[in-house]
Amino acid sequence: MSPLQQPARLRLVFAGTPEFALPCFEAVRASGHDLVGVYTQPDRRSGRGQSVTGSPVRVRASAAGLPIFQPETLRDPAARRELQHLRADLLIVVAYGLILTSQVLAIPRLGCWNVHASALPRWRGAAPIQRALLAGDSKTGVDLMQMEKGLDTGPVLLSRRTAILQDDTGGSLHDRLSLLGGEVLSEGLQRLGDGTLPPARPQASEGITYAAKIDKAEAVLDLCASAAELERKIRAFQPWPIAETVIAGERVRVHSATVLPGPHGKPAGTLLAAGRDGLDLACADGALRILRLQRSGGRTVSALDYLNARPELRAPA
């Protein structure tokens, strides 16, 4: 290959924080371009001991010996000047968690890309994975998007799609979309470098939905809802914040359940049956069979193990 045919070598900056961003981070490192800086949120106190820990992206970038930047905000002129000094061709943003103003978006020569975990324009916003599960969507995906000032409104460069499986949880779908994000970003960087990147296509003006941030209070199961809706909630909120309900006066966390369709003639919340197969709770429509659950301060156990600790529930009134 002659020098004139060599792909352009770009100066890239990566901005991301949680585990979801790691496959994209590795895609940037493997792209053959120059990763000149990594932005991630400041270290936070976490866990029971409230020790200060860095984000997954910070830990990975530190191990790779890359320059790391952790401003509290990018609205600060000093933080913007720091970004300007990196002379980035492109800023790649994946679940970073800080707002990028129009001033920041204009700094890199080629603007900013974002990897978003939904099939845009459906589920713009903070929690697209959980909202897709809660809504009972049959498919979702990831989009590589050219960022604009609006919330996830930018034109789409490349996409990947995946079916939402009947047993998918927030965790399993998160992991699958995270890997797809790395794939779509890897392709985008390769095609940008060799000049074959397709033109960005505007998002459709119809079918726009917004994925609001998950509030922990949403995890409380309202048994006046349908069993199918509650089963989706249990899956969507696994592994966080984990659904909760009350069984015979005890509040428990529910890790897995299945739907029992059909009428039962009992008030919502009634314990219909309790045995080896599970704990059946009456819902407004159908019943919810709880398979795995967790008492306060305890470990996750099967319904049978729970009943061994509460044998009085085997023959509910």
Within region 156-172, of all residues that are of a type in the set (A, V, I, L, M, F, W, C) and touching a strand residue (DSSP E or B) at 6+ places or on another chain (Cβ under 7 Å), the one surrounded by the fewest Cβ atoms within 10 Å (Cβ to Cβ) is 163
- Task: Considering every residue within region 163-184, establish whether at least one is more than 16 Å from the chain's Cα centre (by Cα) and assigned to a helix (DSSP H, G or I).
- Result: yes
Within region 273-317, residues assigned to a helix (DSSP H, G or I), charged (D, E, K, R) and at pLDDT 95 or above come out as 305
Residues in region 55-64 that are closer than 19 Å to residue 82 by Cβ and more than 19 Å from the chain's Cα centre (by Cα) total 2
In region 37-65, anything surrounded by fewer than 17 Cβ atoms within 10 Å (Cβ to Cβ) and either assigned to a strand (DSSP E or B) or of a type in the set (A, V, I, L, M, F, W, C) (or both) is listed as 44, 45, 46, 51, 52, 53, 59, 63, 64
Picked from region 82-121 (must be touching a residue at least 24 places away in the same chain (Cβ under 8 Å) and assigned to a helix (DSSP H, G or I)), the residue surrounded by the fewest Cβ atoms within 10 Å (Cβ to Cβ) is 102
Flagged in region 124-155 as out of contact with any Leu (no Cβ under 8 Å at 6 or more places or on another chain) and polar (S, T, N, Q), in numbering order, are 130, 138, 153
Given the conditions (1) over 16 Å from the mean Cα position of the chain (by Cα); (2) closer than 19 Å to residue 117 by Cβ; (3) not in a loop (DSSP other than H, G, I, E, B), every one holds for residue 191 apart from (2)
Expected single match for aliphatic (A, V, I, L, M) and more than 21 Å from residue 23 (Cβ to Cβ) among 90, 151 is 151
The number of residues in region 132-155 that are crowded, with 18+ Cβ neighbours inside 10 Å and either among the small types (Gly, Ala, Ser) or farther than 20 Å from residue 205 by Cα (or both) is 5
- Any residue in region 255-263 that is surrounded by fewer than 16 Cβ atoms within 10 Å (Cβ to Cβ), modelled with pLDDT of 95 or more and not in a strand (DSSP E or B)? no
If you go through region 33-46 one residue at a time, do you hit one that is in contact with a helix residue (DSSP H, G or I) (Cβ under 7 Å, 6 or more places away or on another chain) and more than 26 Å from residue 128 (Cα to Cα)? yes
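The values are calculated or read from the model by the stated rules, or taken from the named source; none is laboratory data. As the structure is a prediction and not an experimental result, all values here were calculated from the model. A quick note on method: Cβ atoms are made from the backbone with ideal geometry, for glycine too, and the neighbour counts reach across all protein chains shown.
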